[in-house]
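First the structure, in the form of structure tokens, and then the observations on it.
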Amino acid sequence: MTLVASLLVAALVGAGVYQLFRKSAFEVLLGLLLISQAVNLAILAAGGWTAGTLPPVTAEPVVDTVGGTAAKVSRVDPALYVDPLPHALILTAIVIGFGVFSFLMVLIARGRETSSTLALGEPGPGEGKG
Amino acid sequence: MTTLPLMLAMPFLGAAAVLLLPQAGGAKARFATALAFTLAALGFLAHATLGWDPAAPPRFDYPWHPSIHLSVSLWLDGPALFWAWLVLGIGACVVWYSGFYMDPGDSPTRFYSSLMAFMGAMLGVVVSENLVMMFVFWEATSITSFLLIGHWSHKPSAIAGARRALLVTGTGGLCLMAGIAVLHLILSQGPGGGTMMWGEVWARADEIAAHPLAGTALLLMLVGAFTKSAQFPFHFWLPGAMEAPTPVSAFLHAATMVKAGIYLLGRIYPVFGGHELWLWIVGPVGVLTMLIGGWMAITAYDIKQLLAFSTVSQLGLIVAYYGFGAGRLGTGGLLTLDLLLVLSHALFKGGLFMMCGVIDHGTHTRDWRRLGGLWRKMPATAALTIIGCASMAGLPLTFGFVAKKLFFDASWHWEGAPGALRLALFAGAVLASCFTMAYCLRVAISPFFGEPREQGVFDHAHEAGPGLLLAPALLILPTLAAGLWVPMLSEPLGRLANAAYYAVDAHYKVGMFKKVDFMFAVSMAIYAAGAGVFFGTGAVDRLQERAGRPAPTLRGYELLFDSFFPWVASKAAAFVAHPSLRFNMAVLAAFFALAVGWPLLGSPINAAEFEAGPAVLLAGLLAASALASLGLVLVPRSAVARVIGMGLVGLIISGFFIFYKAPDLALTQVLVELVVLVMLLILLKRIGAPPRETVRAAVAAPAAAIAVAVALVAGLATYNAASSPDRLAPVLAGNPTHSAYYLANSKYPTVEGAHSGGGNNVVNVILVDFRGLDTLGEITVLVLAALGVALLMRDGGHREFDPSRAQRGPAASGDEFRLRPSSFPFIYNTLGYRVRGGPSIVTRELANIIAVFVLGVALVLFFAGHNAPGGGFIAGLLSAVAVVPFILSSTHEQYERATPHHIFGLIPAGLLFAGGTGLVAMFFGLPFLTSEFWYVHLPLLGEIEIASAMFFDLGVYLVVVGITLVLVKGFGRL
């Protein structure tokens, strides 16, 4: 599984980086989207893959009642579950990425409206110094 | 319970209230609000004053970060009490005056809110006991001053003046911060440990003064004080600041803000007053500033500029007074009466600036060369101005006379100073006072007496109403008959200062001359010489013409900020940044490949992960289809096809999330991909679906090489990280990782009574509980992104939604928001568009039904989220997705009507809700964002759990819904 995921990460990153070298802002946007997908997958894969573990939703019968009182104490065995931390990190990354990409899209659309080109940051004949 | 925080909050609340007022109220409502909050603050101050006890001044203390001595500490010791009255008293007069002076159409919201924010910041400077807090408020005064100077932002001179003031006072502020840091360093090396509190600083004054770094701390703080109080060589920003509306000049640049430096000098005098540097810097700088300011004021013809230079001069006088305190520390004498000087100047100068505004108001000019004979038309204005000038010149019977006498006494009897220095400063001060006399005569005589210099102006001139004259009268009239009340005031004022610094019980009485002595002769000589200079102004003018007028330090500032820094910045930018974006990208990517790839080269590849099984086979198939989709992104010429490929890649990644047992992730990913896909399609429509460009061979080869290198490194790094045996090392060694802690304590604590999140879905509990602060930061980032989108939309005036057009209904909707079927008619049809004509009614109705259904699912996911996959993010995204079919199937106007503008109030509401939940915990004395959960027993349903984290999650939900709507709506509007 790790191998498969790593290969996919490599493919996505490669395609994404290549897209970055295109002139059009739209193509660069696609590249960035690909890279962000790849990074999310990489973080998840780096958390490791072990067959047989459970999703990080702890099962209900994990409770001990101490001395007959209502106080409940957890007896969850962390080894049974996958690591929840990468999930939380990636969830955050997806949502923030969504916000940032929306902003980028609007920026591109506005740029197209005002300058009638999608070309990014290559010096024209008159500029290029300073 | 002290009311200090309430008093300090009043101006800030006033600023917020002004901002929130409905548009309909106009300038009057804003004026009334500002005045009401100022008076409320004054009320709290009066309350605190009534029961004021010098031995135990009111204090408010909230420990914030005790280990680095940060605290929210307010106090009202003697000087703070005096300054608070000064700020709020004059503040009330200024707000009143503004109500009559400012043009109602002149952005009243911006004006009054900035003014109130400044008032709060200035009040904060003087009532902060913690030095860091004082510094924060100090900077806030610089920023609000910047806003107020640039109020008339259409004037380039106003922008330049505001910028100059901000840069100079901001630089000084940084020096002050460094000075505070050095002071803290000195203290933390002492036996008592570090502190940031004024009281403790004074108590350990000897220790500080003896430290080798004392001079450094003093110098840095002096730069802070001198920039703020416009002392040489930083004085040049103050005349430029006169571009501000006159009430602002009266308040900030005469009465209060420029005196913050004076305030600071008063506060550090007990610590550094005996320092050698104090002796050689403070007095000379003060007298030099007096001379420069006076010299420039004589020949100014704009009355406001004249007053600005005179302010520079008189701030120099007060600074010099502190300078004369060098070597007298501990005698309890001198500084008991510094507050008299401050009060005297604040009264007459604040009042005179207002009078200058009155003259401007009545004649539409401030140039005395165009005025004359005005006393016939503006008698009250003339009388008040003349009284103010008499006080400024220090004529007998006025407050200014008392202040001048104090000053010259201190100068003449300056023991502990070298004789030459004492005499030189005394002579300089006398000369500067002659200038003062001359420009006071200018202001008092030229506009009001003689024949009108310009008949048109004179004919037009009219007296101001009582409303406008009230505020300056309140300030100027008390300076009369000072002989009666100042001696009464001097003792309590002296005690105010004394209580703070010294145990010495000093009794200082000041008053008018009682006998003819040396000082009397000096005063008479000053009056006479000043009159001489006044009549010889022409000669002075010619002299200045020859010497060159602009202050040399202004030239220095221009060289530094307008030439040198931009030059450095452009050189530095040219050095680090290549003009070609591609080139920069290549450098970054290559750097990544090398920096990450190099260490990977030596690491062994762990083969243990080559496991097989049905899941792996399935994953392989998924990966293959992902590669195929990737091909769809890269190869076809059609942009729509590539966007579809993009969406497919995203969906397949969500399949991987399922393999990795991340249900929350998979849900989120699917939803985000859906919305992004729709947005990309709309974007394509906006930018005209560009066909794929071909990459030139010269670029393609290196680009491909770099891409392959980066890809290899990324894949290898992922594989290595995932299969590294070190990954589990801490667990094997018996050290629980964060993840293990989160898993074990998600629902119930492992140790009885300890904290736990109260939910079974560990990912959700991490987001809303364990790492709630991170999530709060995250949704704030989202809010900023939405703000960016909204701002980008705003400028597109031609596409702004016009309600009048929406009323015309769908028939008139036209081309505003309709995807044009292009090479992929099938997709647009599926999304709800017929090939010809507008959206079909059937799809729209269907969209409504779908939306209701999807919203129901979102509701379930939200409530399930704490214990099962779901939660605020996912429910929020899903709710927004529910709207997407509706957007696609309706016209622009229909959508605009369905999402009224106030729906975007969801965003701030959600943010406040999430933050507010965290604050509730603080009310119970728990750290910010501590969550709690309770079990409620309900009939039928049994035991129901309510977690406070759920309310936090609700905030997250609201923010996500609001933002997705803004973003999608933004696209609809493009």
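Miscellaneous remarks
- Filtering segment B:8-24 to residues that are over 20 Å from the mean Cα position of the chain (by Cα) and among the hydrophobic types (A, V, I, L, M, F, W, C) leaves B:L21, B:A24.
- Candidate set from segment B:148-182 (those that are of a type in the set (S, T, N, Q) and over 17 Å from the mean Cα position of the chain (by Cα)); member that is nearest to B:L115 (Cα to Cα): B:S153
- Of the residues in segment B:432-443, not one is free of Cβ contacts under 8 Å to residues at least 40 places away in the same chain, of a type in the set (A, V, I, L, M) and out of contact with any Leu (no Cβ under 9 Å at 6 or more places or on another chain).
- Residue that is aliphatic (A, V, I, L, M) and outside any helix (DSSP H, G or I), where the choices are B:A473, B:A427, B:A417: B:A417
- Residues in segment A:13-31 that are of a type in the set (A, V, I, L, M) and more than 7 Å from chain B (Cβ to nearest Cβ): A:A25, A:V28, A:L29.
- Inter-residue pairs, beta-carbon under 8 Å, first more than 7 Å from chain A (Cβ to nearest Cβ) and closer than 30 Å to B:R164 by Cβ and in segment B:563-586, second modelled with pLDDT of 85 or more and not in a helix (DSSP H, G or I), 6+ apart: none
- Residue among B:P5, B:P22, B:P11 that is surrounded by fewer than 16 Cβ atoms within 10 Å (Cβ to Cβ) and in contact (Cβ under 8 Å) with a residue 24 or more places away in the chain: B:P5
- Qualifying residue in segment B:109-126 (condition: assigned to a helix (DSSP H, G or I), touching a strand residue (DSSP E or B) at 6+ places or on another chain (Cβ under 8 Å), touching a residue at least 60 places away in the same chain (Cβ under 8 Å) and buried (at least 20 other Cβ atoms within 10 Å of the Cβ)): no
- Only one of the numbered conditions (1) crowded, with 20+ Cβ neighbours inside 10 Å; (2) modelled with pLDDT under 90; (3) facing chain B (nearest Cβ under 7 Å) is not met by A:P86, and that is (3).
- Segment A:30-62, subset assigned to a helix (DSSP H, G or I) and small (G, A, S), residue modelled with the lowest pLDDT: A:A46
- Positions within segment B:373-427 being without any contact (Cβ under 8 Å) to a residue 12 or more places away in the chain and closer than 16 Å to B:A481 by Cβ, in sequence order: B:A383
- Applying the set (1) part of a loop (DSSP other than H, G, I, E, B); (2) modelled with pLDDT of 80 or more to B:V457 leaves exactly one unmet item: (1).
- Qualifying residue in segment B:96-103 (condition: part of a helix (DSSP H, G or I), in contact with a Leu (Cβ under 9 Å, 6 or more places away or on another chain) and of a type outside the set (F, W, Y)): yes
- Here is the figure for segment B:624-661: residues that are farther than 23 Å from A:A88 by Cα, in contact with a helix residue (DSSP H, G or I) (Cβ under 7 Å, 6 or more places away or on another chain) and without any contact (Cβ under 8 Å) to a residue 12 or more places away in the chain total 2.
- A count restricted to segment B:42-74 and to residues that are farther than 11 Å from B:L4 by Cβ, in contact (Cβ under 8 Å) with a residue 40 or more places away in the chain and surrounded by 13 or more Cβ atoms within 10 Å (Cβ to Cβ) stands at 5.
- Within segment B:865-881, considering residues that are away from chain A (no Cβ under 11 Å) and crowded, with 24+ Cβ neighbours inside 10 Å, the one nearest to B:L674 (Cα to Cα): B:L878
- Flag for B:T216 being free of Cβ contacts under 8 Å to residues at least 60 places away in the same chain and buried (at least 24 other Cβ atoms within 10 Å of the Cβ): no
- Only one of B:A626, B:A666, B:A619, B:A662 that is within 7 Å of chain A (Cβ to nearest Cβ), under 25 Å from A:L7 (Cβ atoms) and at pLDDT 90 or above: B:A626
- Looking across segment A:94-117, the residues that are more than 8 Å from chain B (Cβ to nearest Cβ), assigned to a helix (DSSP H, G or I) and surrounded by fewer than 17 Cβ atoms within 10 Å (Cβ to Cβ) come down to A:T114, A:S115.
- Checklist (1) within 19 Å of A:A42 (Cβ to Cβ); (2) within 10 Å of chain A (Cβ to nearest Cβ); (3) among the aliphatic types (A, V, I, L, M) applied to B:L671, failing item: (1)
- Scan of segment B:99-109 for residues that are over 23 Å from the mean Cα position of the chain (by Cα) and either under 14 Å from B:L148 (Cα atoms) or among the β-branched types (V, I, T) (or both), ordered by number: B:M102
- Failed condition for B:R692, given (1) outside any helix (DSSP H, G or I); (2) in contact with a Leu (Cβ under 8 Å, 6 or more places away or on another chain): (2)
- Criterion: within 9 Å of chain A (Cβ to nearest Cβ), assigned to a helix (DSSP H, G or I), more than 20 Å from A:Q37 (Cβ to Cβ) and at pLDDT 80 or above - qualifying residue of B:A700, B:A714, B:A707: B:A700
- Residue check for B:Y742: in a loop (DSSP other than H, G, I, E, B), hydroxyl-bearing (S, T, Y) and over 29 Å from the mean Cα position of the chain (by Cα): no
- Matching entry among B:V132, B:V125 (being in contact with a helix residue (DSSP H, G or I) (Cβ under 6 Å, 6 or more places away or on another chain) and among the β-branched types (V, I, T)): B:V125
The values are calculated or read from the model by the stated rules, or taken from the named source; none is laboratory data. All of these numbers come straight from a predicted model, not from anything done at the bench. So basically every Cβ, Gly included, is an ideal-geometry build from the backbone, and we count neighbours across all protein chains shown.
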